[in-house]
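Structure, as structure tokens:
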Amino acid sequence: MVKTDISRFYPSIYTHSIPWAAYGKERVKQRMGYYDGSFADRLDVLVRSCNRNQTIGIPIGPETSRIIAEIISARIDADFKGHYSSLLPGSVDRLQDDWAVGVGTLEAAEKVLSTISGLYRSYGLDINGSKTSIQHIVATQQAVWISEIGAFLSHRPGALRGARLREFLNMCLRLQADYGSEPVINYALSVIENSQIGRADVEAMESFLLKASIVAPNSMDRICRIILNLQHHTKSVSAKRIGERFVHLAERNLEKGQCYRAHSSGHEG
């Protein structure tokens with residue numbers, strides 16, 4: 001699974017690329033002057049007039065900017081389809097400047113990422129390296145651990161609390177150790193997010209979340225959400241204990257040159 005988005009999408013759009021996208025970049029460049037005064041050319045002029053006649057960046061916020069950005073994105077969609085016409089329709093998803101593409105091999109994933117990067121560069125845009133990833137999903141292994149978790153939840157009905165909750169948490173840690181490259185903890189966290197955890201189980205949940213933050217650092221955003229919700233509902237979270245552990249974890253990762261960059265949907269982090 002290839003995931004990426006564009007670095008500073010609106011502020012980086014080259015206004016002259018609007019007619020390129022509307023009519024085709026090579027066609028416009030080969031027929032200099034032919035498209036002067038065309039609808040897309042007038043959009044280029046109007047957008048520049050909103051930004052002191054600068055050619056880099058379009059206004060952030062107006063719905064018109066979303067439409068103009070989509071002119072460019074739709075052209076890149078068409079160019080991408082020209083390279084990968086054999087991909088199944090459901091294997092490619094783009095929402096504004098966020099991409100997700102599923103392919104069969106790591107080699108194919110790397111080629112897809114290279115193609116997306118090259119297409120955006122041709123319009124003066126760059127992908128965001130900190131939000132780019134290739135996730136390796138192994139269906140056969142995944143089915144084993146998902147089946148075990150599913151069997152536990154379905155064969156042992158009832159709320160996740162007390163001894164049942166602790167058994168579930170220990171099982172998920174064991175499965176993560178057995179299937180190191182699989183997102184077991186993240187899956188477990190999604191189950192926990194949809195469960196009501198009582199005050200009596202806060203200490204067990206804290207211990208699990210602290211371990212999860214070490215073995216599954218990519219799930220830190222979800223771990224933090226659960227901690228905040230737990231505190232909101234129970235008022236029993238040990239902020240000092242968690243704070244000290246997280247500070248230590250942050251310091252250790254910073255010493256290794258590793259960092260975590262959070263962002264909210266639709267906004268740069």
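The values are calculated or read from the model by the stated rules, or taken from the named source; none is laboratory data. Computed from a prediction, not measured in an experiment: that's the story for all the values here. Backbone-built Cβ (ideal geometry, glycine too); neighbour counts: all protein chains shown. Side chains are part of the model used for accessible areas, which takes the heavy atoms of the whole protein and leaves out ligands, DNA and RNA. Shrake-Rupley method; radii C 1.70, N 1.55, O 1.52, S 1.80 Å.
Note: relative contact order over the range 16-105, using C-alpha pairs below 8 Å and six or more positions apart, is 23 percent.
Determine the alpha carbon to alpha carbon distance for each of Lys111/Lys211; Lys131/Lys211; Lys29/Lys81 and list only those over 30 Å. Result: Lys111/Lys211 exceed 30 Å.
Which of Ile67, Tyr35, Ala21 sits closest to the plus end of the dipole of the range 15-120, meaning its Cα is farthest towards the positive end, when Lys and Arg get +1 and Asp and Glu get -1 on the C-beta? My answer, from the dipole projection, is Tyr35. The chymotrypsin sites (Phe, Trp or Tyr not before Pro) of the range 25-75 meeting both criteria, a DSSP state outside H, G, I, E and B (loop) and at most 12 other C-beta atoms within 10 angstrom of the site's C-beta, are Tyr34. Using the Cβ atoms and a cut-off under 15 Å, what net charge is assigned to the surroundings of Tyr84, where Lys and Arg are +1 and Asp and Glu are -1? With Lys, Arg at +1 and Asp, Glu at -1, the net is -2.
Quick check on the chain: helices-only [θ] at 222 nm, where DSSP H runs of length 4 and up contribute -39,500 (n - 2.57) each and the sum goes over total residues. Nearest 500, please.
-18000 deg cm²/dmol
For the chain, the share of accessible area belonging to carbon and sulfur comes to 54 percent (1.4 Å probe, ligands and nucleic acids excluded).
Charges were assigned to the Cβ only: +1 to each Lys and Arg, -1 to each Asp and Glu. The resulting dipole of the chain about its Cα centre is roughly 400 debye. Within the shell defined by Cβ-Cβ distances under 14 Å, the residues around Ile56 carry a net charge of +1, with Lys and Arg each +1 and Asp and Glu each -1. Rolling a 1.4 Å probe across the protein heavy atoms gives the chain an accessible surface of 59 Å² per residue.
Inter-part distance, the range 30-74 to the range 91-124, computed on C-alpha centroids, equals 24 Å.
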